[in-house]
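**Q** Encoded as structure tokens, here's the structure I'll be asking about.
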Amino acid sequence: MKIIVDRAKCTGLGICESLAPDAFEVNDDGELVLKTETVPPGTLSDVEEAIAGCPTEALRLEP
Amino acid sequence: MSARRLVVVGASLAGLRAVEAARKDGFDGRITLVGAEPHLPYDRPPLSKQFLEEIGADGTPPTFRTEEVLRTDLGVELLLGTPATFLDTRNRAVGVGERTIGYDALVIATGATARQLPGMQGLDGVHTLRTLDDAVAIRRALDKGARTVVVGAGFIGAETAAAARKRGLDVVVVEAQPTPLVRAVGETMGGALASLHLRHGTDLRCGVSVIALEGEGRVERVRLSDGTALDADLVVVGAGAVPATDWLAGSGLTLDNGVVCDETLFTGAEDVYAAGDVARWHNPLFDRPMRLEHWTSAAEQGDLAARNALNPAAARGYSTVPYFWSDQYDTRIQFVGIPDADEIAVVDGDIERDHQCVALYRADNRLVGALAVNRPTEIMKYRGLITRGASWADGLTFAQTRRKARDTADA
């Protein structure tokens, strides 16, 4: 599964990083960095929570 | 799952997440979503931020879902524009306007209502900022170049002032306490954050209260306790919010600064759960009752309350490290944890000097909170530490490691 970020929507609030730190990190400029393009093994439910928890609905998964 | 009709009272974020979670969980019974406002569920944080800033923008409301998605895709019956009037737990029914609707499972998500100032009713140009209608009215006044007085230097007040300044308007913020944001971030950091107003030309007056709002039908002046009178076309009152529990009087639910719940958001009445700003639940992570007015917890509690209400036998607890953010004058303020601390240590930066900082909050030997101002990469790492029950020493060591890493990268 590939993680997709809608850059127009993301404002770097970081909730995804707190729920799935292996996949997401906000950098010092407030931009979201994907630490990996695909869901890291064993973290699918964390990543799904992060997607559901995004206040700007900027994240989704693609097969 | 035996419930056949889920009723969710409150059509904001928590209520929306409740109906969505019910469907995600496979519930195929009837769902009714009751909302006091006539609008479809919308997102509140933008109302005091982007929504106020854009001059003459079309003001598209930050609606979460279209009516078609709610009615057709999610199969939700919408009862919008009419507040709930009572809850009868014995007969499992909720009053909505003239109607009485039965439930098998109920989620209470009525949120909170902006606190009013005495004497503000019936005076045009005076608004709280909680609802879409409030924000539309305030934006119209700002579009006309209103001389603006903001009452209360909390986050809503600060964001409103920042929006007015961004438009180049003069704005005075009146704060009754000697320091703003004491309850949110503690006195030391509240004082430091106040410097943002001064730096951006907002006239902040602390330790002064509003004696009277004056005007003939429409506000003209704000009279203060120090004898000053401020000319005003627009007054925005940011005096906090109170949980919307009036309709639950006589319901038998325990009401004490919100609907009192256990850690699974259960209210004590069979199949009745609560979520969002209205819920005061036991947060196991800090072992204390909390009522939060934050986006993240409202979303998560709405989701969980519906799942628990539909399947009480498997109800799960909700534990969280609170998180909120505020955007003011191009500054992002983020806070995780709780601000009631024995000690606050600034571990990086300085708001007044560098326009950025990280501060940590200690209670006993534990790291309980962290504040980041324009340091978005730091904040969630501390949320992780607090979630794992990190000690104060762990927090300080981690901060040192982060500082060193950055210094090396900068060198």
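**Q** Considering only region B:1-29, state which residues are over 19 Å from B:Ala244 (Cα atoms) and assigned to a loop (DSSP other than H, G, I, E, B).
**A** B:Met1, B:Ser2, B:Ala3, B:Arg4, B:Asp25, B:Gly26, B:Phe27, B:Asp28, B:Gly29
**Q** Given the conditions (1) in contact (Cβ under 8 Å) with a residue 60 or more places away in the chain; (2) touching a Leu at 6+ places or on another chain (Cβ under 7 Å), report the number of the one that B:Phe64 does not fulfil.
**A** Failing condition for B:Phe64: (1).
**Q** Would you mind stating whether B:Ala135 is touching a residue at least 12 places away in the same chain (Cβ under 8 Å), assigned to a helix (DSSP H, G or I) and out of contact with any Leu (no Cβ under 6 Å at 6 or more places or on another chain)?
**A** Answer is no for this residue.
**Q** Another question, then. Name every residue in region B:272-296 that is among the aromatic types (Phe, Trp, Tyr) and touching a residue at least 60 places away in the same chain (Cβ under 8 Å), in order of residue number.
**A** B:Tyr273, B:Phe286, B:Trp295
**Q** Can you go through B:Ile351, B:Ile333, B:Ile338 and tell me which one is away from chain A (no Cβ under 13 Å) and modelled with pLDDT of 95 or more?
**A** The unique qualifying residue is B:Ile338.
**Q** Scan (1) farther than 19 Å from B:Lys49 by Cα; (2) surrounded by 23 or more Cβ atoms within 10 Å (Cβ to Cβ) for the single condition B:Val173 breaks and write down its number.
**A** (1)
**Q** Assuming B:Asn257 fulfils every condition listed in (1) on the phi > 0 side of the Ramachandran plot; (2) at pLDDT below 95 apart from one, which condition is it?
**A** Among (1) on the phi > 0 side of the Ramachandran plot; (2) at pLDDT below 95, B:Asn257 violates only (2).
**Q** Let me ask something else about it. Scan region B:306-330 for residues that are of a type in the set (A, V, I, L, M, F, W, C), away from every other protein chain (no Cβ under 14 Å) and part of a loop (DSSP other than H, G, I, E, B) and jot them down.
**A** B:Ala315
**Q** Given (1) under 30 Å from B:Gly15 (Cα atoms); (2) assigned to a strand (DSSP E or B), identify the lone condition not met by B:Leu367.
**A** It is condition (1) that B:Leu367 fails.
**Q** Pull up region B:30-54, narrow it to residues that are aliphatic (A, V, I, L, M) and either assigned to a helix (DSSP H, G or I) or within 14 Å of chain A (Cβ to nearest Cβ) (or both), then point me to the one that is nearest to B:Ala309 (Cα to Cα).
**A** Among those that are aliphatic (A, V, I, L, M) and either assigned to a helix (DSSP H, G or I) or within 14 Å of chain A (Cβ to nearest Cβ) (or both), it is B:Leu47.
**Q** Among the residues of region B:371-385, what is the count of those that are part of a helix (DSSP H, G or I) and at the interface with chain A (Cβ under 9 Å from one of its Cβ atoms)?
**A** Qualifying residue count, region B:371-385: 5.
**Q** If we scan region B:385-395, do we find a residue that is outside the structural domain of B:His294 (by TED's automatic domain parsing), closer than 16 Å to A:Asn27 by Cβ, at pLDDT 95 or above and crowded, with 18+ Cβ neighbours inside 10 Å?
**A** Scanning region B:385-395, I find no residue that is outside the structural domain of B:His294 (by TED's automatic domain parsing), closer than 16 Å to A:Asn27 by Cβ, at pLDDT 95 or above and crowded, with 18+ Cβ neighbours inside 10 Å, so the answer is no.
**Q** List the number of the failed condition for B:Gly102; all other conditions in (1) under 28 Å from B:Ala194 (Cα atoms); (2) touching a residue at least 12 places away in the same chain (Cβ under 8 Å) hold.
**A** Of the numbered conditions (1) under 28 Å from B:Ala194 (Cα atoms); (2) touching a residue at least 12 places away in the same chain (Cβ under 8 Å), the odd one out for B:Gly102 is (1).
**Q** I'd like the full set of residues that are part of a loop (DSSP other than H, G, I, E, B), within 12 Å of chain B (Cβ to nearest Cβ), of a type outside the set (Asp, Glu) and out of contact with any Pro (no Cβ under 8 Å at 6 or more places or on another chain), limited to region A:12-53.
**A** A:Ala20, A:Pro21, A:Gly53
The values are calculated or read from the model by the stated rules, or taken from the named source; none is laboratory data. Nothing here was measured: the structure is a model prediction, and the numbers come from that model. Neighbour counts run over all protein chains shown; Cβ positions are idealised from the backbone, glycine included.
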